[in-house]
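The values are calculated or read from the model by the stated rules, or taken from the named source; none is laboratory data. Remember, predicted model here, so these are calculated numbers, not experimental data. Every residue, glycine as well, gets a Cβ built from its backbone with ideal geometry; the counts of neighbours run over all protein chains shown.
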Amino acid sequence: MPVENSKVTEFNLLVRAGATARDSLRAYLMQTPSILDQHETNSAVSLIDTYMFEAMEEHDLSGMESLLSAGLDPNHVRRGHGEGVTLLMSASYSNEPRLVSLLLQHGADPNKGDGKGWTPLMFAVALSETLATNAQTSAAVVRLLLAAGARKAARNACGHTAEDILSFQQGYCSPDEIDSVANALREE
């Protein structure tokens, strides 16, 4: 069922009226949460997709909470650039335990992969730059995903597990940083 043109127009007017785009989106979603159930591609859904991932990338915990409370699917998959990436993958990639926890609390699937079989756990261990910046935070994200049921044995399209991917970080991170995350992967 397509979104009503009047609702799309209403949303566009909110944006043009001077409110920030995210505030407009929150107001719109609070009044029209059913838009999140639409499966047809249209400008309103594309805008929602953009703002959801913008909130994620900016580590906007209150923005994500508002969107999730308004009915945003915590397993939403990005369209266009980064297609197939879920919100949980993005939060894991961003090394943001608070967002990972929030998404998991709202029902995000820790095993939902992209078209190449990459899972949030693989994203959490694949970032040599993030691991080098804060291995303890990366380990915290890994622990959250595992506690939520992430499968360590899952393999991507190349046949690699999260542990395999972590081993590829050798040379980019110190052994202590690798060990910190590897220990979190081995915890039961």
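Residues of the range 171-188 being farther than 13 Å from residue 124 by Cβ and in a helix (DSSP H, G or I), which ones?
Residues satisfying the conditions are 175, 176, 177, 178, 179, 183, 186.
Which is out of contact with any helix residue (DSSP H, G or I) (no Cβ under 9 Å at 6 or more places or on another chain) and in contact (Cβ under 8 Å) with a residue 40 or more places away in the chain, of 157, 135?
Unique residue meeting the criteria: 157.
Listed residues 107, 113, 171; which is touching a residue at least 24 places away in the same chain (Cβ under 8 Å) and either of a type in the set (Phe, Trp, Tyr) or on the phi > 0 side of the Ramachandran plot (or both)?
107
When you go through 116, 112 one by one, which is the residue that is over 12 Å from the mean Cα position of the chain (by Cα) and part of a loop (DSSP other than H, G, I, E, B)?
116
Can you tell me which residue is modelled with the lowest pLDDT among those in the range 152-170 that are part of a loop (DSSP other than H, G, I, E, B) and within 13 Å of residue 126 (Cα to Cα)?
Restricting to residues being part of a loop (DSSP other than H, G, I, E, B) and within 13 Å of residue 126 (Cα to Cα), the top hit is 169.
Give the residue that is modelled with the lowest pLDDT, with candidates limited to residues of the range 81-100 that are of a type in the set (Gly, Ala, Ser) and in contact with a helix residue (DSSP H, G or I) (Cβ under 6 Å, 6 or more places away or on another chain).
Filtering first and then ranking leaves 90.
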